[in-house]
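*Asks:* Structure below; questions to follow.
The values are calculated or read from the model by the stated rules, or taken from the named source; none is laboratory data. Keep in mind the model is a prediction, meaning the values are calculated, not measured. Cβ: placed from backbone, ideal geometry, glycine included. Neighbour counts: every protein chain shown. Accessible surface is based on the protein model in full, side chains and every heavy atom, while ligands, DNA and RNA are left aside. Shrake-Rupley method; radii C 1.70, N 1.55, O 1.52, S 1.80 Å.
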Amino acid sequence: MGFATEFNSVCKFKSEQELYELLEYGRGKMVKSGFRVFPTGQKVIAYTPGNEAIAIVRILASIAEINFQGEEVTQVEMELVRKLTEEESKIQTALAFEMFFGEKA
């Protein structure tokens, strides 16, 4: 058991449904496995499950807990600041692959 710190400018979605809700309603949450620390109050770049930069979001809350199945999870609540333009998305995606996700195959 322990906390893993997320890089302070990356918020990667694993679920298309969670991302859809954020983009559609302007607010949403995602659930990550394990205990993690997200930078509450900060703006970060949100990435799709395919590692594409898509939006700027503000982290509203980061709640680490043990769920009813006994799993360590972190719920991250956020609000949409704005979607990225096509050019911004390309640049941020390229930088993220170089810095975090590894080279594109």
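*Asks:* Which chymotrypsin sites (Phe, Trp or Tyr not before Pro) does region 31-84 hold that lie in a coil by DSSP with at most 15 other beta carbons within 10 Å? Please report the intermediate quantities before stating the final value.
*Replies:* Values: sites: Phe35, Tyr47, Phe68; in loops: Phe68.
Answer by residue number: Phe68.
*Asks:* Next question. Just give me a number: lysine pairs in the chain, eight or more positions apart or cross-chain, with C-alpha atoms less than 12 Å apart. Spell out each step's value before the answer.
*Replies:* Numbers: Lys12/Lys29; Lys12/Lys32; Lys14/Lys29; Lys14/Lys32.
Counting lysine pairs in the chain gives 4.
*Asks:* Using the alpha-carbon atoms, what tilt in degrees (0 to 90, nearest 10) does helix 86-96 show relative to the longest principal axis of the chain?
*Replies:* Helix 86-96 and the main axis of the chain meet at about 60 degrees.
*Asks:* Filter the GluC sites (Glu not before Pro) in region 13-77 to those in DSSP coil with at most 12 other Cβ atoms within 10 Å of their Cβ, and list the result. Write out the running numbers ahead of the final one.
*Replies:* Details: sites: Glu16, Glu18, Glu21, Glu24, Glu52, Glu65, Glu71, Glu72, Glu77; in loops: Glu52, Glu71.
Answer by residue number: Glu71.
*Asks:* Over the heavy atoms of Ile91, what accessible area does a 1.4 Å probe trace out, to the nearest 10 Å²?
*Replies:* 90 Å²
*Asks:* While we're looking at this one, here's another question. How large is the dipole of the chain about the Cα centre if only Lys and Arg carry +1 and Asp and Glu carry -1, each at its Cβ, rounded to the nearest 20 debye? Present the calculation step by step, with values, prior to reporting the outcome.
*Replies:* Numbers: 12 positive and 16 negative charges, 40 e Å.
Dipole magnitude for the chain comes out near 200 debye.
*Asks:* Sticking with this structure for a sec: Before I look further, what does the chain give for accessible area per residue, probe 1.4 Å, in whole square angstrom? Could you put the intermediate results ahead of the total?
*Replies:* Numbers: 6460 Å² over 105 residues.
Here the per-residue accessible area is 61 Å².
*Asks:* Tell me, what % of the accessible area of region 23-78 is carbon and sulfur with a 1.4 angstrom probe?
*Replies:* Values: 1370 of 2840 Å².
Heavy-atom surface of region 23-78 belonging to carbon and sulfur, 1.4 Å probe: 48 percent.
*Asks:* What full-extension length gain, to one decimal in nm, is calculated for Lys29 and Phe97 as 0.36 nm per residue of separation minus the Cα-Cα distance? Working shown, then result.
*Replies:* Working: separation 68, 0.36 × 68 = 24.48 nm, distance 2.39 nm.
Result: 22.1 nm gained on full extension.
*Asks:* Diagonalise the Cα gyration tensor of region 31-105 and give the resulting equivalent ellipsoid semi-axes, square root of 5 times each eigenvalue, largest first, whole Å.
*Replies:* In descending order the semi-axes read 26, 16, 9 Å.
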